[in-house]
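*Asks:* Structure incoming, see below.
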Amino acid sequence: MPNKLIHEKSPYLLQHANNPVDWYPWNEEAFTKAKREDKPIFLSIGYSTCHWCHVMERESFEDNEVADYLNKHFISIKVDREERPDVDSIYMSACQEFTGSGGWPLSIFMDTDKKPFYAGTYYPKKDTVGMTGFMTLLESIVYYWENKRDDLMEQANDIANSINQSNNELKSINNSIPEITYKQLSRNFDSIYGGFSHAPKFPSPHNLFFLLKYSNIYKEKHAIDMCIKTLDAMQAGGMFDHIGYGFSRYSTDDMWLVPHFEKMLYDNALLCMAYSECYDITKDEKYAETADKIIQYLTRDLYSSDDVFFSAEDADSEGVEGKFYVFKKDEVISVLGDKAVEFCKYYNITDRGNFEGKNILNLIKSEVPEDRKEFVEECRKALFNYREQRTRPARDEKILTSQNGLAIAALAIAGRVMKNEEYISYAASAVEFILKNMQTKNNKLIARYCDGEAKYLGYAEDYAYFIWGLIELYTSTFNEFYLDKALSLNEIFIESFFDKEGYGFYLYDKDSESLIMRPKEIYDGATPSANSVAVHNILRLSRLTHNMELEDLAKKTLEAFMSTIESIPIGHTFSSMNILCLQSGSTDVTLVGDSIEELSDMINTLRDQYHPFINIRVITDSKNEKYKKVSGLATAYVCKDFSCSPPITSIDKLNSLLSKNKN
């Protein structure tokens with residue numbers, strides 16, 4: 001018989017709806033029952049494409065012995081971390097306090113007041129070498145709950161106090177942070193395979209965003225060289241799907257060969273931005289090609305019939321990780337025939353294989369010659385069509401405002417840089433869906449849409465990422481609608497999330513469910529933090545609208561987190577990028593004309609050069625009192641650090657002034 005998760009919409013929760021465990025969703029019914037029956041709570045947090053979540057489900061949650069024990073002694077709650085990033089964040093902090101690390105599945109034991117007294121991640125059912133078994137752990141928890149509960153409550157209070165500590169002291173912005181960040185990234189850089197850590201290796205595109213801008217401003221060649229090495233190595237490795245395109249979540253080895261095969265919308269959106277920006281700087285077509293391949297993947301495999309993007313694809317199919325993606329050499333020969341020998345040479349396909357007897361295609365030790373790319377493309381299409389006959393990994397069909405915000409930003413940037421209107425139209429369609437289906441009556445964002453249901457008040461990341469997307473879409477189209485929406489949502493964001501005493505943005509809305517703490521986060525994980533992106537947005541909106549109150553708010557937010565940023569600059573590269581922007585100054589350009597068409601030459605001039613911190617506003621309203629055309633010609637007003645030059649009507653003079661400002 002199904003448990004209470006059967007009534008949920010989340011694909012992750014529905015995966016567990018037929019477990020023998022008597023799961024509850026996170027709701028008051030579960031907590032009331034725990035209090036009434038005086039039972040501890042087992043909270044399990046994960047997401048639908050998490051490989052080790054599937055493993056723990058098979059080993060423990062589908063096991064009758066485990067289920068009977070949990071049902072007798074615990075109230076068990078399942079949470080989809082993508083639906084409830086607030087719950088996930090709080091209890092991940094607790095896990096890190098207990099163990100020094102974290103991950104998913106996240107396993108939390110807590111009292112009826114939601115205070116955690118023990119935490120961990122994956123557990124096998126039975127004890128193994130070096131690992132406590134889940135059954136052993138459950139029995140130990142029950143013993144302490146029944147016999148030494150005071151010890152557990154003391155521990156719960158200590159952890160709650162520890163993770164609830166906040167620093168409300170403002171500290172001046174440290175202008176040396178960008179240089180320190182650059183030096184830390186340089187020290188950590190893998191000069192052989194790229195990236196900034198040893199395995200497991202995550203793409204962390206925000207590191208690249210920072211380095212690309214740092215290199216341009218300070219003429220530091222090593223900074224862009226690190227980006228190029230990393231981008232090239234990731235694209236050559238098995239983390240990139242050479243048959244169907246798109247990137248997996250991370251690499252399990254140093255050379256980017258063996259991925260954790262799940263594909264996430266947020267990773268691919270951020271990587272699309274990184275490859276697009278690198279193309280904008282270098283004009284090397286291979287980066288545009290990689291960005292295009294990411295977009296092909298997103299619009300083919302993660303695109304919904306509602307013109308918006310789903311969240312992710314699983315690593316597993318038919319219960320086996322990576323099965324959909326890997327090939328035996330014999331398979332390749334059967335599909336390609338005589339062409340297989342040459343193709344296998346390029347993509348390191350051997351009889352022995354490189355992953356459990358099969359092959360992850362890669363170009364780590366080879367390169368396809370220019371005159372053989374057409375041949376390789378024919379082979380790729382044949383293998384793609386063959387692979388499409390396999391059982392596909394499950395797709396998480398949640399629509400998340402936050403991740404769609406990143407996709408909108410990525411598509412708008414790629415469309416602008418590569419002059420591709422189709423990319424921009426995808427971004428515009430996603431915005432239209434979210435504004436129509438994922439807002440409350442008072443225009444607050446809603447975090448998740450699934451199977452016709454919009455649920456959960458938006459979180460800080462929903463506002464930060466979606467506003468970012470709107471700003472990029474405005475910059476690509478100069479449609480005032482997108483700028484107006486960014487400004488109005490930013491006002492709601494400030495009103496509902498901003499800490500007016502300690503500064504910075506809370507993770508969840510003031511009108512949302514109250515939890516054991518209301519965190520504010522600045523650390524960049526797999527994605528840039530909501531606060532760092534919010535600062536980025538607010539700085540840009542300030543310059544686009546000449547609203548200095550917004551800039552002051554952005555600075556105060558950085559000051560609120562400065563001690564944390566200083567403690568580990570390499571963990572806050574998006575904030576370092578914001579400080580770099582303030583340090584180097586932005587170039588603000590207002591173009592005035594009767595139409596976008598009249599201004600097209602000036603727009604193209606601005607876009608043909610890479611400017612790391614440029615803000616362009618277009619005014620086509622002849623009634624505007626502040627900005628007017630000069631001598632009836634398209635006119636540019638250029639300001640650098642609030643010092644403005646005389647109006648310009650000449651393309652050559654505009655180019656000259658921009659080059660001067662850049663230097």
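The values are calculated or read from the model by the stated rules, or taken from the named source; none is laboratory data. These numbers were taken from a predicted model, which means no experiment stands behind them. Virtual Cβ from ideal backbone geometry, glycine too; neighbours counted across all protein chains shown.
*Asks:* For D306, are the conditions met, namely being of a type in the set (D, E, K, R), without any contact (Cβ under 8 Å) to a residue 60 or more places away in the chain and in the same structural domain as N404 (by TED's automatic domain parsing)? Write out each step before concluding.
*Replies:* Working: of a type in the set (D, E, K, R): yes; without any contact (Cβ under 8 Å) to a residue 60 or more places away in the chain: no; in the same structural domain as N404 (by TED's automatic domain parsing): yes.
No: the conditions fail for D306.
*Asks:* Something else now. Give the range 469-508 a look and list any residue that's closer than 27 Å to T587 by Cβ and β-branched (V, I, T), or say none.
*Replies:* I471, T475, T477, I494
*Asks:* Just need a number here: residues in the range 336-361 that are more than 20 Å from T252 (Cα to Cα) and either free of Cβ contacts under 8 Å to residues at least 40 places away in the same chain or in contact with a Leu (Cβ under 6 Å, 6 or more places away or on another chain) (or both).
*Replies:* The first filter runs over the range 336-361 and keeps only residues more than 20 Å from T252 (Cα to Cα), leaving 336-346, 350-351.
From what's left, either free of Cβ contacts under 8 Å to residues at least 40 places away in the same chain or in contact with a Leu (Cβ under 6 Å, 6 or more places away or on another chain) (or both): 337-338, 340-346, 350-351.
Total meeting the criteria: 11.
*Asks:* Kindly provide the set of residues from the range 611-663 that are exposed (fewer than 11 other Cβ atoms within 10 Å of the Cβ) and among the basic types (K, R), ordered by number.
*Replies:* Hits for the range 611-663 are K623, K626.
*Asks:* When you scan the range 504-524, do you find a residue that is crowded, with 22+ Cβ neighbours inside 10 Å, closer than 30 Å to T112 by Cα and aliphatic (A, V, I, L, M), even just one?
*Replies:* For the range 504-524, residues crowded, with 22+ Cβ neighbours inside 10 Å, closer than 30 Å to T112 by Cα and aliphatic (A, V, I, L, M): present.
*Asks:* Does P528 satisfy the condition of being closer than 17 Å to I177 by Cβ and in contact with a Cys (Cβ under 9 Å, 6 or more places away or on another chain)?
*Replies:* Numbers: closer than 17 Å to I177 by Cβ: yes; in contact with a Cys (Cβ under 9 Å, 6 or more places away or on another chain): no.
Here the answer is no, as P528 does not meet what is asked.
*Asks:* In the set T112, T136, T132, which member is polar (S, T, N, Q) and either over 20 Å from A67 (Cα atoms) or crowded, with 16+ Cβ neighbours inside 10 Å (or both)?
*Replies:* Numbers: T136 fails: either over 20 Å from A67 (Cα atoms) or crowded, with 16+ Cβ neighbours inside 10 Å (or both); T132 fails: either over 20 Å from A67 (Cα atoms) or crowded, with 16+ Cβ neighbours inside 10 Å (or both).
The unique qualifying residue is T112.
*Asks:* Among the candidates S595, S567, single out the residue that is outside the structural domain of K444 (by TED's automatic domain parsing) and surrounded by fewer than 16 Cβ atoms within 10 Å (Cβ to Cβ).
*Replies:* Working: S567 fails: outside the structural domain of K444 (by TED's automatic domain parsing).
After applying the criteria, what remains is S595.
*Asks:* Here's another thing I want to ask about it. In the range 436-482, how many are within 30 Å of N604 (Cβ to Cβ) and part of a loop (DSSP other than H, G, I, E, B)?
*Replies:* Residues in the range 436-482 being within 30 Å of N604 (Cβ to Cβ) and part of a loop (DSSP other than H, G, I, E, B): 2 in total.
*Asks:* Looking at K365, is it more than 30 Å from R416 (Cα to Cα), touching a strand residue (DSSP E or B) at 6+ places or on another chain (Cβ under 7 Å) and surrounded by fewer than 17 Cβ atoms within 10 Å (Cβ to Cβ)?
*Replies:* Values: more than 30 Å from R416 (Cα to Cα): yes; touching a strand residue (DSSP E or B) at 6+ places or on another chain (Cβ under 7 Å): no; surrounded by fewer than 17 Cβ atoms within 10 Å (Cβ to Cβ): yes.
So K365 fails the test.
*Asks:* Within the range 31-41, restricting attention to residues that are touching a Phe, Trp or Tyr at 6+ places or on another chain (Cβ under 8 Å) and surrounded by 21 or more Cβ atoms within 10 Å (Cβ to Cβ), which residue is farthest from S89 (Cα to Cα)?
*Replies:* P40
*Asks:* For Y193, state whether it is in a loop (DSSP other than H, G, I, E, B), surrounded by 18 or more Cβ atoms within 10 Å (Cβ to Cβ) and modelled with pLDDT of 95 or more. Even if it seems obvious, please write down each step before you answer.
*Replies:* Numbers: in a loop (DSSP other than H, G, I, E, B): yes; surrounded by 18 or more Cβ atoms within 10 Å (Cβ to Cβ): yes; modelled with pLDDT of 95 or more: yes.
So Y193 fits the description; yes.
*Asks:* When you go through S542, S576 one by one, which is the residue that is crowded, with 18+ Cβ neighbours inside 10 Å, of a type in the set (G, A, S) and touching a Phe, Trp or Tyr at 6+ places or on another chain (Cβ under 8 Å)? Explain how you work it out, then say what you get.
*Replies:* Details: S542 fails: touching a Phe, Trp or Tyr at 6+ places or on another chain (Cβ under 8 Å).
Being crowded, with 18+ Cβ neighbours inside 10 Å, of a type in the set (G, A, S) and touching a Phe, Trp or Tyr at 6+ places or on another chain (Cβ under 8 Å) holds for just one of S542, S576, which is S576.
*Asks:* Further, regarding this structure: Criterion first (buried (at least 23 other Cβ atoms within 10 Å of the Cβ) and either at pLDDT 95 or above or in contact with a helix residue (DSSP H, G or I) (Cβ under 6 Å, 6 or more places away or on another chain) (or both)) does E220 satisfy it? Please lay out each step first, then the result.
*Replies:* Working: buried (at least 23 other Cβ atoms within 10 Å of the Cβ): no; either at pLDDT 95 or above or in contact with a helix residue (DSSP H, G or I) (Cβ under 6 Å, 6 or more places away or on another chain) (or both): yes.
Criteria not met by E220.
*Asks:* For the range 255-274, what are the residues that are surrounded by fewer than 24 Cβ atoms within 10 Å (Cβ to Cβ) and within 14 Å of N362 (Cα to Cα)?
*Replies:* Correct list: M255, L257, V258.
*Asks:* Would you check if K229 is under 20 Å from the mean Cα position of the chain (by Cα), assigned to a helix (DSSP H, G or I), of a type in the set (D, E, K, R) and at pLDDT 95 or above? Before the answer, list the steps.
*Replies:* Values: under 20 Å from the mean Cα position of the chain (by Cα): no; assigned to a helix (DSSP H, G or I): yes; of a type in the set (D, E, K, R): yes; at pLDDT 95 or above: yes.
For K229, the condition - under 20 Å from the mean Cα position of the chain (by Cα), assigned to a helix (DSSP H, G or I), of a type in the set (D, E, K, R) and at pLDDT 95 or above - is not met.
*Asks:* Still on this structure, please answer the following. In the set S248, S204, which member is buried (at least 19 other Cβ atoms within 10 Å of the Cβ), under 19 Å from the mean Cα position of the chain (by Cα), at pLDDT 95 or above and within 30 Å of Q583 (Cα to Cα)?
*Replies:* Working: S248 fails: within 30 Å of Q583 (Cα to Cα).
On inspection, the qualifying residue turns out to be S204.
*Asks:* Identify, please: which residue in the range 303-351 is among the small types (G, A, S) and in a strand (DSSP E or B) and is, among those, nearest to F384 (Cα to Cα)?
*Replies:* Quick first cut of the range 303-351, residues among the small types (G, A, S) only: 304-305, 311-312, 315, 317, 319, 322, 334, 337, 340.
Filter once more, so that each one left must be in a strand (DSSP E or B): 312, 317.
Details: A312: 19, S317: 16 Å.
Among them, the one singled out is S317.
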